[in-house]
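Visitor: Mind looking over this structure? Questions follow.
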């Protein structure tokens, strides 16, 4: 090994030489296995052991045998929290001031943790652990999630030995965009075969651990299991959703009150805690009409079924660890990454990508598709009344830094450790504390270097001190913590919290201007040691304390790369980071290759373009299948043959389908199929289909997808579709049964109208 000093003796031949082998890294004696489970968008009040009536018996058993942290905090968003959990450094210091796909050109927002911030997988791997990542990653910029990208920010580039999961913030739960180690893979089974992502992830986790134990019975493992649940789409096996039929008909106000009562009874929130009031922009359940109530209840039934199904799968993994005889030696930590999500809006959503296209589904359309919600044809997300309830007793939610956005469940169990089983702890803790806690419990010191890269100091403080008997009485050690997300800011210091909300857009009826100067924001002050739910604003009574807290926030912001403040979400979406690829208007794709993520595929949205495919049909074969496609049933397009006839399908984000099809079949031999779309000055354009130079079909697409085809990772494919099928009458992947010789997409004009960019510009001028 280069750089290793030889410890034996080398003579002229073997007779006067002594062999020597470099020492193999070994973990400290008694070092535990580490299983870190990260749930997605699960609020403080949504697990049974935190007051919910949603069935989570496996997680509740974890809590009964371990310690619940009832004052644990995250960053308010997924990528930033994951970076904190895995590095022990604050999110802006990781370049993760926001999610990786909203990176902007400032050090705190570049979207990739630097090498000096070593991952827990790297640290433990260097001490002899086997490290596996399963599930959601979301720590790689969008433009580096394809097969031509460097893998330095992928899991195997950050210390994990194996990975099976998905990039990005979300994926389809029945047809996910999967990756195995460093390459793209299709799901191992189809929807009609009972496939679901969460079950697949647990299968792979069990496989990885089984492969390890088949070779080495003693090597400790670090398994990072990050489920897609319960981020939207809230898709679950139908039987699990049906378990909750009618369970939420009483509505979010009643559910919230009952949950708060259970939280007080369990001791999850201390006596004297007050339930924060329902905000004015959330309608009272009693004010909803009958159709609105039935729709909202169905949305919540799907979320609950999704969560309970996930709990069951976590139990299956824990049962396997028990079957290995390793439950006692396994340190299990379960957290959520942020508060419950309000991204479904006030009414809920059946396809979140419609929001970015500024065409959300209305009540009538959503109610008409009630039975589809939770299945493969919808990208459903519940209305923010349920978000409010999911964060009981707190105010606000994901993406904001009041407690509803940053207070989350955290459970720690280690039977072989000296933990006080079944206890609850109320000392302040944060996601950056998890890594130093694991290192302390494993007896591993944070290294000065990893791979010859000097390491930065950890920001976190181990909370191992509060896990054992008597830990509930120990003074809290994490005394100061700043928060920032899209311009909303907060600072915790010695039991006090100063916080201010800054909107990212015209989302709430609170009269606040997203473009107002940040210095105009009104800061609130809470003594959270006594007022955990932030219901008694003491800013007017303690102006000096508030001023000192705000000054402290600015100091922490400067030290942690938080600046400059920037709340421009729409602007960032409309102005992605520079594309350093060679400009071109002709893109060639190859049959059977990996899908190309939409972020780096040819952009045909709202512009003139053409699809040109040269192919051969063998004798005696009726051509069937996809030539080129992008997207899924939730939105996209597909050039294909159906029953021997060429056709083009445009799926407007699941709302409507536009089909241009020939009535004449194509026979054997070589052919050229060309689909041309000519953009008009309005919402759509004219479409023409030619085969061997002859026009075989014409049509009009009244509204072409303007801002994004689908949000679940189904990219551009050649020779097949990712699925679920873009159009009707066939099932994905629907592979082409001929031979594709050349497949090309040409862009033939500028983007005529991007409503997302237009809205961003309008908001910036207001």
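Read the figures in this text as sums done on the coordinates, not as results from a lab. Computed from a predicted model, the values in this text were never measured in an experiment. Note that each Cβ is placed from the backbone with ideal geometry, even for glycine, and that neighbours are counted across all protein chains shown.
Visitor: Beyond 40 Å, what share of the Cα-Cα pairs of the range 33-444 is found? Please give it as a whole percent.
Guide: 11
Visitor: So, one more: Between helix 252-266 and the chain, what is the angle of the helix's C-alpha long axis to the longest principal axis, kept within 0 to 90° and rounded to the nearest 10?
Guide: The answer is roughly 30 degrees.
Visitor: Using the alpha-carbon atoms, what tilt in degrees (0 to 90, nearest 10) does helix 78-87 show relative to the longest principal axis of the chain?
Guide: Helix 78-87 and the main axis of the chain meet at about 50 degrees.
Visitor: Tell me the Kirkwood hydrodynamic radius of the chain in angstroms, computed as one over the mean inverse distance between distinct C-alpha pairs.
Guide: The Cα-based Kirkwood calculation yields 27.4 Å.
Visitor: Using mean Cβ contacts within 10 Å as the protection proxy, how do 551-559, 47-55, 76-84, 110-118 order, highest first?
Guide: The densest-packed peptide leads the list: 76-84, 47-55, 110-118, 551-559.
Visitor: To continue, here is another question. What is the Å³ per residue value for the convex hull set by the Cα atoms of the range 643-761?
Guide: That works out to 128 Å³ per residue.
Visitor: Moving on. What percentages, rounded to whole numbers, describe P(r) for the range 329-413 computed over all alpha carbon pairs with 5 Å bin width beginning at zero?
Guide: Reading the bins upward from 0: 3, 15, 19, 18, 15, 13, 9, 4, 2, 1, 0.
Visitor: Another question about this same structure. To the nearest 500 deg cm²/dmol, what mean residue ellipticity at 222 nm is calculated for the chain from DSSP H runs of n ≥ 4 alone, each contributing -39,500 (n - 2.57), summed and divided by the residues?
Guide: Calculated at 222 nm, the ellipticity per residue is -6500 deg cm²/dmol.
Visitor: Kindly state, to the nearest 0.05, the FRET efficiency for residue 692 paired with residue 26, given R0 = 60 Å and r defined as their beta-carbon distance.
Guide: E between residue 692 and residue 26, to the nearest 0.05, is 0.30.
Visitor: Based on the mean of other beta carbon atoms within 10 Å per residue, what is the order of 332-344, 572-584, most packed first?
Guide: 332-344, 572-584
Visitor: Within 10 Å of each residue's Cβ, count the other Cβ atoms and sort 712, 596 from fewest upward.
Guide: 596, 712
Visitor: Now for a separate question. Sorting 473, 485 on the 10 Å Cβ count, fewest up front, what's the list?
Guide: 473, 485
Visitor: Only bridges whose two residues both fall in the chain count here: according to DSSP, what percent of them are antiparallel, nearest 5?
Guide: The antiparallel fraction comes to roughly 75 percent.
Visitor: If you rank 136, 398 by fewest surrounding Cβ atoms within 10 Å, what's the result?
Guide: The fewest-first ordering by Cβ neighbours comes to 398, 136.
Visitor: With axes computed from alpha carbons, what is the tilt in degrees of helix 755-765 against the longest principal axis of the chain, rounded to the nearest 10 within 0 to 90?
Guide: Helix 755-765 sits at roughly 50 degrees to that axis.
Visitor: Follow-up question, since we're still on this one. Roughly how many Å is it from the Cα centre of the range 558-592 to that of the range 474-532, as a whole number?
Guide: Computed from Cα coordinates, the inter-centre distance equals 28 Å.
Visitor: Largest first and in whole Å, give the semi-axes of the range 483-570's equivalent ellipsoid, each being the square root of 5 times a Cα gyration tensor eigenvalue.
Guide: Result for the range 483-570: semi-axes of 22, 17, 11 Å.
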